[in-house]
Ligand code: ATP
């Protein structure tokens, strides 16, 4: 049982090494456990006030409920006056989308099935534990290793415990991936994550972002009207099963969306379905590369704007 330790600090048990990534809330660094030599990851989060503290305690409590191979596993947690440190397993294969745009990766619909199935397995477990992730997007799906094809869902910083009898509403998320009920500040449910799963699947297959507008407002308005289609030529070579799968997720009414378990039973993801006869054409990566580069730019811009808000100027 992992407990948030206040009497010790991470450096008492771990040697901190290189930076793995930066997020809105802090830095993630690689660490080595002194006792075992195990390589792990540590997320350092700045605490500013009691609300931050509650949010981080929430993240730790939620991660404890999520012991599953498709979800990032909690290992240890520390807190001192200004910082909380969450030690998790190390996921060293990088972001899924960066992996699939590499020249040495052959992107086929079958590969997408393999990734989407794993994502749905992770989400199904999470929803069974009555946890909503609420920030499912490509950046939060990492490959376990550089070579293998296993993936894991990370970042439970916005996750919430869900009680079907209570009315839960939130006002956050990433415009391109967020469900209409979030934008409208209507009650949310496990189906809210399934919308995002549908968007991730749409982008993975085509490189196109279904709701992206020229401005954030336009994007959000495309989301709330749930206007999207398969008209782009990128979808010409996509199977009707894949399109059916997406069509049953990008549904405005959350009660009519497939659940994660429904997804695993859907023809497109079911293991028993024989796909040998289907020619495995490689999908074009041109659009997906553009998508990944655009998201990276966006992240850099957001980081700069955040610094500016704090009064730091970059020369
Ligand atoms: P965001 O701004 O995306 O909400 P965050 O502050 O909540 O970020 P995370 O998403 O948890 O932070 O981590 C930031 C980045 O660090 C990730 O995108 C990923 O590249 C890297 N990272 C996080 N956890 C791990 C891990 N366990 N192993 C390897 N890299 C990781």
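The values are calculated or read from the model by the stated rules, or taken from the named source; none is laboratory data. What you see is a predicted model, and the numbers here were worked out from it, not measured in a lab. Here the Cβ is made from the backbone with ideal geometry for all residues, glycine too, and neighbour counts use every protein chain on show.
Odds and ends about this structure:
- The strands (runs of 3 or more DSSP E) located wholly in segment 18-130 that include 2 or more residues which are more than 27 Å from residue 296 (Cα to Cα) occupy 26-33, 74-79.
- Screening 156, 172, 177 for residues that are within 16 Å of the ligand (Cβ to nearest atom), crowded, with 23+ Cβ neighbours inside 10 Å, farther than 20 Å from residue 245 by Cα and touching a residue at least 24 places away in the same chain (Cβ under 8 Å) leaves exactly one candidate, 156.
- Residue list for segment 152-176, restricted to those being assigned to a strand (DSSP E or B) and more than 11 Å from the chain's Cα centre (by Cα): 160, 161
- Just one of the numbered conditions (1) without any contact (Cβ under 8 Å) to a residue 40 or more places away in the chain; (2) more than 19 Å from the chain's Cα centre (by Cα); (3) more than 13 Å from the ligand (Cβ to nearest atom) is not true of residue 67: (2).
- Of the residues in segment 12-20, at least one is at pLDDT below 95, crowded, with 16+ Cβ neighbours inside 10 Å and more than 30 Å from residue 281 (Cα to Cα).
- Residue in segment 202-209 that is within 17 Å of residue 229 (Cα to Cα), away from the ligand (no atom under 15 Å from the Cβ), buried (at least 23 other Cβ atoms within 10 Å of the Cβ) and free of Cβ contacts under 8 Å to residues at least 60 places away in the same chain present: yes
- Cβ pairs under 9 Å, 6+ apart, first in segment 1-22 and under 17 Å from residue 80 (Cα atoms), second in a loop (DSSP other than H, G, I, E, B) and at pLDDT below 95: 6/80; 9/80
- Selection within segment 23-38 - closer than 26 Å to residue 137 by Cβ and either away from the ligand (no atom under 11 Å from the Cβ) or without any contact (Cβ under 8 Å) to a residue 60 or more places away in the chain (or both): 26, 27, 28, 29, 31
- Segment 118-134, residues that are without any contact (Cβ under 8 Å) to a residue 60 or more places away in the chain and either within 16 Å of the ligand (Cβ to nearest atom) or out of contact with any helix residue (DSSP H, G or I) (no Cβ under 9 Å at 6 or more places or on another chain) (or both): 118, 122, 134
- Only one of the numbered conditions (1) surrounded by 12 or more Cβ atoms within 10 Å (Cβ to Cβ); (2) in contact with a helix residue (DSSP H, G or I) (Cβ under 8 Å, 6 or more places away or on another chain); (3) farther than 30 Å from residue 235 by Cβ is violated by residue 83, and that is (2).
- Scanning segment 39-60 for residues that are away from the ligand (no atom under 11 Å from the Cβ) and in contact with a helix residue (DSSP H, G or I) (Cβ under 7 Å, 6 or more places away or on another chain) gives a single hit, 47.
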